[in-house]
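The next block holds one structure in the form of structure tokens; read it before the comments.
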Amino acid sequence: MKHRIDARFALAARENRAALVTFVTAGDPDHETSLEIVRALPGAGADVIELGMPFTDPMADGPAIQAAGLRALAAGETLVKTLDLVRAFRERDQDTPIVLMGYYNPIYVHGVERFLYEAKEAGADGMIVVDLPPEEDEELCLPALQSGLAFIRLATPTTDDKRLPAVLKNTAGFVYYVSVAGTTGAATPDFNVVGGAVDRLKRHTDLPVAVGFGVKTPEHAAAIAAYADGVVVGSAIVDAVAKSLDADGRATNKTVSAVTALVSALAAGVRRGRAAA
Amino acid sequence: MTAQPQPNSFRTGPDERGRFGIFGGRFVAETLMPLILELEAEYETAKKDPAFHAEMESYRTHYIGRPSPLYFAERLTEHLGGAKVYLKREELNHTGSHKVNNVLGQILLARRMGKKRVIAETGAGQHGVATATLCARFGLECVVFMGAVDVARQAPNVFRMKMLGATVVPVQSGAKTLKDAMNEALRDWVTNVADTFYCIGTVAGPHPYPAMVRDFQSIIGIETRAQMQEMEGRLPDSLIACVGGGSNAIGLFHPFLDESDVAIYGVEAAGFGLSGLNAASIAGGAPGVLHGNRTYLLMDKDGQIEEGHSISAGLDYPGIGPEHAWLNDIGRVKYLSATDDEAVSAFQLLSKLEGIIPALESAHAIAKVVELAPGLPKDHLMVVNLSGRGDKDVPQIAERLGTSL
Ligand SMILES: Cc1ncc(COP(=O)(O)O)c(C=O)c1O
């Protein structure tokens, strides 16, 4: 079977548009609501789902995603439950790729072999593990590739030409270009500068390049979609979840629709990107 | 795990990947990786440069006030009735603790690298004060991240940092202690990579920090060796130090690791006791990955980091430096723990017997001296690292003893 990630980026390319990659935190604000949200994402226009695995110490995340992780942990989310969520999603959707995103410690403690086996069996397609640079490839990246899961790498403004080949070496699926040095939810980048960086990456790889960090509105999404193969939106979606909650932090009947409304608008933005260019 | 084969030397680590056995490494986001490699290269160059060592030596002597004395604690020794107890007086350093040894090295390195802005995390505030001090001395911008809980319990140090011109950022995330301060410092570093030097306060973080901070702190053990030779004509029989991240401990221990006749003890913070909330990562933790390295961590079965507890802000950290994790597993160093209550008693005991008010952190090591020394012969030479002075803890101890200042 062709990888769901490859198939989806190929489809977007055929439609002459960028793919929309949406991030939500598993278990935010609670496990059931989060499953509903994830199930609603493809219908709203998401091409790829990045599913955050909550961690107590998300060093590379800004306030929005930190808060989402803490909400999920407070509601009892665990790595095992996150894999259950993937399994439940996959029962009804065979096509939308799911990329697990998080930090290494919960995976390491769960056991690398066991995690890879269970993630694959649940129907995940790949993973992004923020605190595993190429220098630590033996930990998870190489075993993941061997088990047929994509290990998606972050390239950043500090990744120079000398380092780029190492960063692109053991990777699959797509390359995630972090548009600004900073945490998630950071300041919106200068889209022209980012365009140059994407061109540079494309000279080094045939993989699709998705751009994220600081993409908050349909307009931002359109600007990036003009030159990138994918647009990643996280903090803005997670913020929409946060704003829909009641005073006690519980889901309301507006929670799922708050997310789908934003994702639909972002999907429209992504589709405008090339038309305008 | 003492059945593992013993290496020829305990002093050769880390390997080129920054590992001490399975511990250590470089578990950081890609944005930081190029900086960490640059820092490593810069440190390797500096290490070979006599000018770097000469500069460091000069500031050690004239600014920090080294060497720190090795002092025979006569009344404590009499009181305990066993081993002859020596105090390595790191509390007499400028700024009041061992932390300044490391900060001096890192700030000189930051200057070589042309960095104008320095960030640091701090628990007790001693590392923050030392960093603010050297930044003042060299005219560098200084931002210190400190958990909001620690800001409250170490108020004197917060004010000192501000006096020195530093910005203190109270961190509101997580348990609002040292771990969270370190998260926030890493977030700042990722955001300000171009001009910022991250001055880590202990032997933790990604490679090369654990090795570099150890090297800068090893002056403690190097001096102790020479001083003990001079005073007693031989090496000590045992060494003991408190362990938060483990920088004062490794600084004392490292020059002695290959002396097989020297017994070595690290003391973790047992908080309310090992069956309650504590900060003893070796006694109560398991191997995991946090803040750039693999080490023993306090965490739940799902790999979520747990909030430790210690009365001492400087030991209130759910991890330990990776070299200590390795020294534990191969059995070279024995790790003990002391509770809040034991530390407070030791704090009072040393104050009354020797006229030296120890930092609450150091009081954890004193607490184990109180336990071990009476059972040892009178010619047993024991060195305890008095890592800091207790002035910063006076308001907290007063409150605990029911006195309002
Ligand atoms: C006086 C003193 N001793 C010990 C420590 C613990 O740190 P480490 O284990 O790195 O020596 C601290 C930390 O703040 C301290 O201030």
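Please treat every number below as a calculation from the coordinates, not as lab data. What you see is a predicted model, and the numbers here were worked out from it, not measured in a lab. Cβ placement follows ideal geometry from the backbone for every residue including glycine, while neighbour counts extend to all protein chains displayed.
Measuring from label point to label point, each 7 Å out along Cα→Cβ, what is the B:Asp379 to A:Asp206 span in nm?
7.8
GNM on chain B, C-alpha springs below 10 Å: top fluctuator among B:Ala211, B:Ala283, B:Ala41?
Between B:Ala211, B:Ala283, B:Ala41, it is B:Ala41 that shows the largest mean-square fluctuation.
Go through B:398-404, A:261-267 and give me the packing order, highest mean Cβ count within 10 Å leading.
Most protected by this proxy first, the peptides run A:261-267, B:398-404.
Given contacts defined as C-alpha pairs under 8 Å and at least six residues apart, what's the relative contact order of segment A:4-276, whole-number percent?
Reported as a whole number, the value is 23 percent.
Between B:Glu44 and B:Ala226, what is 0.36 nm times their sequence separation minus the Cα-Cα distance? Round to one decimal in nm.
Taking B:Glu44 through B:Ala226 to full extension adds about 62.9 nm, to one decimal.
Gaussian network model of chain B, Cα springs within a sub-10 Å range: biggest mean-square fluctuation belongs to which of B:Leu290, B:Leu178, B:Leu315?
B:Leu290
Once every DSSP H run of n ≥ 4 in chain A is given -39500 (n - 2.57) and the sum is divided by its residues, what mean residue ellipticity at 222 nm do you get, rounded to the nearest 500 deg cm²/dmol?
-15000 deg cm²/dmol
Which Cys residues of the protein assembly as shown have no other Cys Cβ less than 4.7 Å away and so no disulfide-compatible partner by this rule?
So, A:Cys141, B:Cys199, B:Cys242.
Where the centre of each part is set by its Cα atoms, how far does segment A:96-115 sit from segment B:66-132, in angstrom?
The two parts, judged by their Cα centres, are 40 Å apart.
As an exercise, use a Förster radius of 51 Å and the Cβ-Cβ distance of B:Arg11 and A:Ala74 to find the FRET efficiency, rounded to the nearest 0.05.
The value I calculate is 0.65.
Over chain B, what is the relative contact order in percent, taking alpha-carbon pairs closer than 8 angstrom and at least six residues apart?
Result for chain B is 21 percent.
Under a cut-off of 26 Å between alpha-carbon atoms, report the lysines in cross-link reach of B:Lys392, not counting same-chain residues fewer than 8 places apart.
Output for B:Lys392: B:Lys88, B:Lys99, B:Lys162, B:Lys176, B:Lys179, B:Lys352, B:Lys368.
What whole number of Å gives the distance from the Cα centroid of segment A:176-219 to the Cα centroid of segment B:277-308?
34
Ignore the peptide's own chain and count Cβ atoms of other chains within 10 Å of each Cβ in A:175-182; give me the average, rounded.
The mean count of partner-chain Cβ atoms within 10 Å per residue comes to 3.
Across segment A:4-276, how many lysine pairs, 8 or more apart or on two chains, come within less than 16 Å at their alpha-carbon atoms?
Value for segment A:4-276: 5.
So what are chain A's ellipsoid semi-axes, whole angstrom, largest first, if each one is the square root of 5 times an eigenvalue of the alpha-carbon gyration tensor?
For chain A, the semi-axes come out at 25, 23, 18 Å.
Which FRET efficiency, nearest 0.05, do A:Ser264 and A:Ala187 yield, Cβ-Cβ r, R0 25 Å?
Efficiency at R0 = 25 Å is approximately 0.50.
What nm distance separates the two modelled labels at A:Glu138 and B:Arg234, each placed 7 Å from Cα along Cα→Cβ?
4.3
Would you kindly state how much longer the chain becomes between B:Phe72 and B:Ala54 on full extension, computed as 0.36 nm times their sequence separation minus their alpha carbon distance, in nm to one decimal?
Result for the pair: 3.5 nm of gain on full extension.
Taking a ≥ b ≥ c as the square roots of the eigenvalues of the Cα gyration tensor of segment B:267-404, is the shape rounded (a/c under 1.5), prolate (a/b larger than b/c) or oblate?
It comes out oblate by the Cα gyration axes.
At a Cα cut-off below 15 Å, give the aspartates and glutamates reachable from B:Lys378, other chains included and same-chain residues fewer than 8 away excluded.
Within reach: B:Glu74, B:Glu78, B:Glu232, B:Asp237.
What FRET efficiency comes out for A:Asn16 versus A:Asn253 if R0 is 35 angstrom and r is the Cβ-Cβ distance? Round to the nearest 0.05.
Once rounded, the FRET efficiency stands at 0.40.
Over the Cα atoms of segment A:169-239, what radius of gyration and what Dmax do you get, in Å?
Both quantities, over Cα of segment A:169-239: 11.7, 35 Å.
Using only atoms on other chains, find how many Cβ atoms lie within 10 Å of each Cβ of peptide A:127-135 and report the average.
Counting Cβ atoms of other protein chains within 10 Å of each residue's Cβ and averaging gives 6.
Regarding chain B, what whole-number volume in Å³ per residue does the convex hull of its Cα atoms give?
135
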